[in-house]
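Let me begin by presenting the structure, written as structure tokens, before commenting on it.
Every number here is computed from the coordinates shown, using simple stated rules; none is lab data. Bear in mind that the values here come from a model prediction, so they are computed numbers and not experimental data. We place every Cβ from the backbone using ideal geometry, glycine too, and count neighbours over all the protein chains shown.
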Amino acid sequence: MSVLDHLNWNQVRLHYNERVDVHQQLLKLHDSASLVPFAQLLLGISNATGNYSAAEHGLGPKILAINGASAPKRIADLAKSFRAVTKPRDVPPLIRAAGLSYLAIGVGSEASCMVNPKTCWVANTRSIWTHLVIKHADNIEKADEALKLYRVADASSEMAYAIWAEIHRLLETSMTRVAEEGMKLATKKGVKPGEITFLWADAIASALYDQHHA
């Protein structure tokens with residue numbers, strides 16, 4: 001039996017559809033150089049679906065405020081780099097190089113996935129926890145305990161960056177596995193799986209986390 005067996009696959013699919021819709025909106029805004037609306041959506045301000053990592057912690061407004069008037073353009077430039085990524089492990093260095101205060105790997109990786117979901121995955125609390133559940137053979141308590149490592153108080157520290165960059169690297173295998181297993185389970189329940197691997201995996205990870213942390 002898999003830890004994914006008891007998920008509501010209709011809900012997972014709905015979450016996935018919402019993410020795909022926002023992904024398409026983001027590309028249109030980016031292509032039209034609508035800098036402020038693009039930044040507000042990518043940071044989960046105008047719609048939390050654009051970036052749950054930012055929205056849940058109120059980081060979007062802080063990122064725009066502390067980084068000054070040029071913040072929307074810098075965010076759009078970072079997104080341009082994300083859209084060009086062919087090697088997803090380049091994402092953490094791109095986030096670091098952008099130097100945007102409060103925009104660390106959690107928010108940044110989610111942004112990368114929302115503009116380039118066929119290549120980039122989300123490394124946030126939910127996906128990391130799901131990876132840890134897999135690592136610890138579906139042991140929820142061990143995953144909860146291990147997750148504490150990634151909740152470093154000073155998210156801007158070199159140590160925090162190194163820890164998150166490493167877990168980002170490891171998530172490729174686990175999120176691919178989650179997507180594949182979710183495809184089989186959803187199909188058995190008569191639900192059409194998501195076609196975009198990493199947005200589908202993200203929807204599954206989100207549902208699994210919420211199921212155990214309601």
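Averaging Cα coordinates gives a centre for the stretch 137-214 and one for the stretch 70-117; these two points are 19 Å apart. Between ARG89 and THR176, the simple spin-label model (points 7 angstrom out along Cα→Cβ) gives 1.2 nm.
On a 24 Å Cα-Cα criterion, which of the cross-link pairs LYS62/LYS118; LYS87/LYS189; LYS28/LYS118; LYS28/LYS73 come out too long? Walk me through the numbers on the way to the answer.
Values: LYS62/LYS118 29 Å; LYS87/LYS189 34 Å; LYS28/LYS118 17 Å; LYS28/LYS73 16 Å.
Over 24 Å apart, Cα to Cα: LYS62/LYS118; LYS87/LYS189.
Computed FRET efficiency, Cβ-Cβ of SER2 and ARG151, R0 30 Å: what is it to the nearest 0.05? The value I calculate is 0.70. Using a Gaussian network model of the chain in which every pair of alpha carbons under 10 angstrom is joined by a spring, one finds that among LEU14, LEU43, LEU199 the greatest mean-square fluctuation is at LEU14. If you plug the beta carbon distance of GLN11 and ALA33 into 1/(1 + (r/R0)^6) with R0 = 35 Å, you get a FRET efficiency near 0.50.
The GNM of the chain, with springs linking C-alpha atoms under 10 angstrom apart, assigns the highest mean-square fluctuation among GLY182, GLY190, GLY99 to GLY190.
Sort SER32, SER109, SER2, SER127 by Cβ crowding within 10 Å, fewest neighbours at the top. Walk me through the intermediate numbers first.
Working: SER32 10, SER109 27, SER2 13, SER127 30.
Ordered from fewest to most neighbouring Cβ atoms within 10 Å, SER32, SER109, SER2, SER127 come out as SER32, SER2, SER109, SER127.
Each residue in MET159, MET114, MET183 was given a count of other beta-carbon atoms within 10 angstrom of its own, and listing them fewest first yields MET159, MET183, MET114.
Relative contact order of the stretch 18-79, taken over Cα pairs closer than 8 Å and 6 or more residues apart, is 28 percent. Candidate values (1) -0.43, -0.67, -0.74, -1.16; (2) -0.25, -0.48, -0.58, -1.30; (3) -0.29, -0.55, -0.65, -1.36 were compared with log10 I(q)/I(0) by the Debye sum over Cα atoms at q = 0.08, 0.11, 0.12, 0.18 Å⁻¹ computed on the shown model; the agreeing label is (2). Taking ALA203, ALA84, ALA111 in turn, the Gaussian network model of the chain (Cα-Cα springs below 10 Å) assigns the largest fluctuation to ALA84. Taking 14 Å as the straight-line reach from the Cα of LYS135, the aspartates and glutamates in range (excluding those fewer than 8 positions away in the same chain) are ASP144, GLU145, GLU172.
Considering helices alone, the calculated mean residue ellipticity of the chain at 222 nm is -21000 deg cm²/dmol, with DSSP H runs of length four and up weighted by -39500 (n - 2.57) and normalised per residue.
For a modelled paramagnetic label at LYS142, 7 Å from Cα along Cα-to-Cβ, the residues of the stretch 170-214 in reach, with backbone nitrogen under 19 Å, are 170-171, 173-175, 177-178, 209, 212. Once the Cβ-Cβ distance of SER101 and ARG169 is raised to the sixth power relative to R0 = 25 Å, the FRET efficiency obtained is 0.55.
Return a whole-number percent for the relative contact order of the chain, with Cα pairs under 8 Å and 6 or more residues apart as the contact set. Write out the running numbers ahead of the final one.
Working: 278 pairs, mean separation 49.9, N = 214.
Computed value for the chain: 23 percent relative contact order.
Within the stretch 120-146, what residues put their amide N at less than 19 Å from the label point 7 Å along the Cα-to-Cβ vector of MET159? Hits in the stretch 120-146 for MET159 at 19 Å: 145-146.
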